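First the structure, in the form of C-alpha cells, and then the observations on it.
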C-alpha cells in the first residue's frame, strides 16, 4: 500500500549509489546475494535475543534489497536477477519470523507459525499472478522496469519492513503483532485473489 510513495522518494538516492557501484563493476546479483547472507545473520542474533543486532542485519538486508533493483535498472534487469531477488526475499522474511520462534519457543512459536502460514498466502498470490501477467504481457508502468509484475495490497514490502522493525523494538509483543500482521496478510491475499480473478477472467 505504501510502496509507491517510498519507491518514488527513494528512487533518486538509490540510483546515485547504483551508478557508483556500476562504475566499480559490482553486479546487481552480487548485491542481492551479499544482502541475503548478511540478512540471515538475524537468525542467530534473534535466537540469542540480541534484538538490536537482529534489527541491524534486517535493515542492511532491506537497504541492499532496494539497491540491487537500482543496480539492475542501470545494468538492465535479468531473469536470473528477478528470480534471485524474489526467492531470497521470501526466504528472508520467513527467516526473521523463525528467529523469533527460536528466541522464545514457548511464547512465540504458534504466532510465528501463523504468520509464516500467512506469508504463504501473500507469496503464492503474488507469484501466481506474476506468471499469468507475464503470459498475457501485462505491465505496470509506475513501478518502472522490473523482472516481475505483481499485484499490490494492504501488506506490501514497506509495511513488512515496518513490521519487522517494530517487532525488534518491542519483541515482548511479538505474538500479538504477528497475529495482527498475519490478519493483514490474509486481507491482502483475499484482495489479490479477487483482483486476479477480475483481471484474468
Please give the contour-minus-distance gain from residue 179 to residue 131: 0.36 nm per residue of separation, less the Cα-Cα distance, rounded to one decimal in nm. 14.3 nm
Taking springs between alpha-carbon atoms closer than 10 angstrom, which of 116, 170, 187 fluctuates most in the Gaussian network model of the chain? 170
How high is the relative contact order of the range 3-200? Use alpha-carbon pairs under 8 Å, at least six apart in sequence, and give a whole percent. 24
From DSSP H assignment alone, runs of 4+ in the chain each adding -39500 (n - 2.57), the sum over residues rounded to the nearest 500 puts [θ] at 222 nm at -28000 deg cm²/dmol
Averaged over all directions, how much area does the convex hull of the C-alpha atoms of the chain cover when projected, in nm²? 10.8
May I ask you to derive the FRET efficiency for residue 120 and residue 15 from their Cβ-Cβ distance with R0 = 30 Å, giving the value to the nearest 0.05? 0.35
Once the piece of chain linking residue 23 and residue 194 is laid out straight, how much longer is it, given 0.36 nm per residue of separation minus the C-alpha distance between them? 57.2 nm
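Coordinate-derived values only; no laboratory data. Computed from a predicted structure; not experimentally measured. Don't worry about glycine lacking a Cβ; one is built from the backbone with ideal geometry, like all the others, and counts go over all protein chains shown.
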